[in-house]
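The values are calculated or read from the model by the stated rules, or taken from the named source; none is laboratory data. These numbers come from a predicted model, not from an experiment. A quick note on method: Cβ atoms are made from the backbone with ideal geometry, for glycine too, and the neighbour counts reach across all protein chains shown.
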Amino acid sequence: MRKLKTSRQPEILDAAMAIADERGLDALSMRAVAERVGVTPMALYGYFRNKDELLDALVGRLLGELTPGDPGRTWQERLEAVAWGARRLAHRHPALVPLLLSRPSVTPDAVRLVDLLYQALIDAGVPDADVPRVERLLSTFVLGFAVSEVNGRFTDDSGAARARRGADLPAHRRLAEHLAPDDWDAEFAADLTDLMRIIRPV
């Protein structure tokens with residue numbers, strides 16, 4: 001076993017992400033990460049006091065991959081960039097993205113992204129008192145859609161299955177031909193458009 005150098009925190013997070021990507025979040029433990037890095041579990045505690053701190057750091061790492069891009073872009077372009085980026089992130093790390101719905105944003109990278117979202121909403125003309133609420137509305141939709149999509153709730157067959165289960169129910173019968181979207185990208189884009197109208201009605 002070798003000792004970790006002070007610059008090895010990224011290596012620990014890389015190992016943790018790789019374990020979750022390969023074997024799922026349930027397989028992620030301090031011992032598993034230590035084995036992947038090649039150190040004793042105790043060596044990790046100088047970086048993360050417990051698994052909760054490791055998970056918070058993973059949230060920060062994930063959110064750090066998202067960016068609204070050039071601050072000169074419109075508020076809508078910045079919000080859409082983060083939204084589409086979050087959906088792509090979910091496809092890259094399906095086991096990890098649910099953490100974004102279950103853990104707070106406490107690391108510097110995570111807090112920085114939230115501040116950029118706040119600024120986009122301020123630029124959209126959302127009253128200051130409503131900005132945190134609208135940010136939660138937007139983030140919960142984007143992450144909820146992405147997590148549902150990569151973890152099986154949204155599939156090409158889900159609408160058809162729903163139609164079959166509800167075949168004897170009047171609303172299901174009426175909507176049967178609409179229950180299986182042809183294009184999840186188009187549905188996500190339409191949902192974002194609706195949210196943008198809520199944020200700043202035309």
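Scanning segment 13-23 finds no residues that are closer than 30 Å to GLY125 by Cα, of a type outside the set (Gly, Ala, Ser), out of contact with any Lys or Arg (no Cβ under 8 Å at 6 or more places or on another chain) and assigned to a helix (DSSP H, G or I). Scanning segment 176-202 for residues that are modelled with pLDDT of 85 or more and among the charged types (D, E, K, R), we see that the one that is nearest to PRO94 (Cα to Cα) is ASP185.
Inspection of segment 155-175 identifies no residue that is within 16 Å of the chain's Cα centre (by Cα), closer than 30 Å to LEU55 by Cα and either modelled with pLDDT of 95 or more or not in a helix (DSSP H, G or I) (or both).
In segment 25-36, the condition of being touching a residue at least 60 places away in the same chain (Cβ under 8 Å), out of contact with any strand residue (DSSP E or B) (no Cβ under 9 Å at 6 or more places or on another chain) and surrounded by fewer than 20 Cβ atoms within 10 Å (Cβ to Cβ) is met by at least one residue. Restricting to segment 85-118, name every residue that is without any contact (Cβ under 8 Å) to a residue 12 or more places away in the chain and farther than 21 Å from MET17 by Cβ. Residue satisfying the conditions is ASP115 alone. The residues listed here are ALA120, ALA83, ALA95; of these, the one that is more than 23 Å from MET196 (Cβ to Cβ) and either surrounded by 16 or more Cβ atoms within 10 Å (Cβ to Cβ) or touching a strand residue (DSSP E or B) at 6+ places or on another chain (Cβ under 9 Å) (or both) is ALA95. Residues that are out of contact with any Leu (no Cβ under 7 Å at 6 or more places or on another chain) and of a type in the set (A, V, I, L, M, F, W, C) number at least 3 in the following helices (runs of 4 or more DSSP H) confined to segment 40-129: 75-92, 108-123. Among residues of segment 53-70 that are of a type in the set (Val, Ile, Thr), those with a Cβ under 9 angstrom from a residue that is in a loop (DSSP other than H, G, I, E, B), sequence gap 6+ or separate chain, pair up as VAL59/LEU96; VAL59/ARG103; VAL59/PRO104; VAL59/SER105; VAL59/VAL106; VAL59/THR107. Evaluation of MET42 against the conditions (1) without any contact (Cβ under 8 Å) to a residue 24 or more places away in the chain; (2) outside the structural domain of TRP184 (by TED's automatic domain parsing); (3) surrounded by 13 or more Cβ atoms within 10 Å (Cβ to Cβ) shows that the sole unmet condition is (3).
Take the conditions in contact with a His (Cβ under 9 Å, 6 or more places away or on another chain) and at pLDDT 90 or above and apply them to LEU62. Does it pass? For LEU62, the condition - in contact with a His (Cβ under 9 Å, 6 or more places away or on another chain) and at pLDDT 90 or above - is met.
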